[in-house]
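What follows draws every value from the coordinates through simple rules; no lab data is involved. What you are looking at is a predicted structure, and each value in this text was computed from that prediction instead of being measured. Neighbour counts are summed over all protein chains in view; Cβ atoms, including those assigned to glycine, are modelled from backbone coordinates with ideal geometry.
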Amino acid sequence: MPFDTNFSNKKLAYLQGWFSIVCNGLLFIFKYWAGVTTGSLALMADAWHTLSDSISSIVVLIGAKVSSKPPDKEHPFGHGRAELVAAIIIGAILGLIGFEFGKDSIASLLDHNSVVFGSFAIWITAISVVVKEALAQFSFWAGKKSGNPSLKADGWHHRSDAISSFIILAGIFAGKYYWWIDGVLGLIVSLLIFYAAYEIIKEGTDKLLGEKPDNDLLDDLKTIALEVSGMDTHLHHVHLHRYGEHIELTMHIMLPKQTTLENAHEIADKIELEILNRLNIEATIHMEPI
């Protein structure tokens, strides 16, 4: 029985998603408790940031389920772009969190709020840094292995939370010297969140709008066309269309004008087959006379 890559990737996305939901739920409870106990805006906001990771993980699960659906009449190329939509939703969630975080931090500074942290807050924040970075590493690995962009986006969400918790941890030790440390930490973390949101949304929208084939791919295509046809086919007009793991490619090649239609079609078919076998890309070739 052949190995089902799509099934394996779907299972990996579900594993990452549920593991993230459980860990973030527990971290939220303890971090929010620490924030309420100390009155720290930064800790409470960081707790909600952690809880939002669970929301993004739910989006990952939904994206994985939808994208695994086979092609149908309305979606002949499958549902793979649901993963890109899921990544953009995660980015939007991050952006909203960053806005609220920044707004509350500015209000805290204007009100001259100060915070006294205890050992409980220190331990919870330190544990959060370790757990969140571990979750980020797992998400990046799972995203690279499965090719799922929403897993990578979820990894950046975990990473941004780990960084914000680390900054807060550093601020806890400086808090007793500077009354404004809690508000400033809130602003710093909000900027980190905004940057992560920008990167995630940009990557997702670029792929949805269509991307230019990179030079490595163009070189591979030219090599395959040369090996199959035995001539320079003047490969050009290459367009790439991603639908999750399914990739469609259209391109033009040029053949001697004396080539019969039957031979030209045979050459194009062989090139398309080699592209599928080597690069796992469905290619459609338009032939032109030199």
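Some points to look at:
- Scanning the chain for chymotrypsin sites (Phe, Trp or Tyr not before Pro) lying in DSSP loops with no more than 12 further Cβ atoms inside 10 Å, the longest uninterrupted stretch between such sites is 4-176.
- Rounded FRET efficiency, nearest 0.05, which uses the C-beta distance separating Lys11 from Lys176 and R0 of 51 Å: 0.60
- Each DSSP beta bridge with both residues in the chain is either parallel or antiparallel, and the antiparallel ones are about 45%.
- Taking His157, His239 and counting other C-beta atoms within 10 Å, the order from fewest to most: His239, His157
- Pairs of Lys residues in the stretch 163-265, spaced 8 or more positions apart or belonging to different chains, with C-alpha separations under 29 angstrom: 4 in total.
- Only one item in [x] 18.9; [y] 21.5; [z] 20.8 matches Kirkwood radius over Cα pairs in Å derived from the coordinates shown, and that item is [y].
- Extension gain, Val130 to Asp269: 0.36 nm times the residue separation minus the Cα-Cα distance gives 44.8 nm.
- Alpha carbon convex hull of the stretch 144-289, projected area averaged over orientations, nm²: 11.0 nm²
- FRET efficiency, 1/(1 + (r/R0)^6) with R0 41 Å, evaluated for Leu208 and Met287 via beta carbons: 0.85
- Note on Ala92/Ser114: beta-carbon distance plugged into 1/(1 + (r/R0)^6) with R0 of 25 Å gives a FRET efficiency of 0.15.
- Straight-line cross-link reach from Lys11 at under 17 Å between alpha-carbon atoms covers these aspartates and glutamates, not counting any fewer than eight positions away in the same chain: Glu83, Asp154, Glu245.
- Taking amide H as placed 1.01 Å from N in the peptide plane, Asn148 has no amide H partner under 5 Å among residues 5 or more places away or on another chain.
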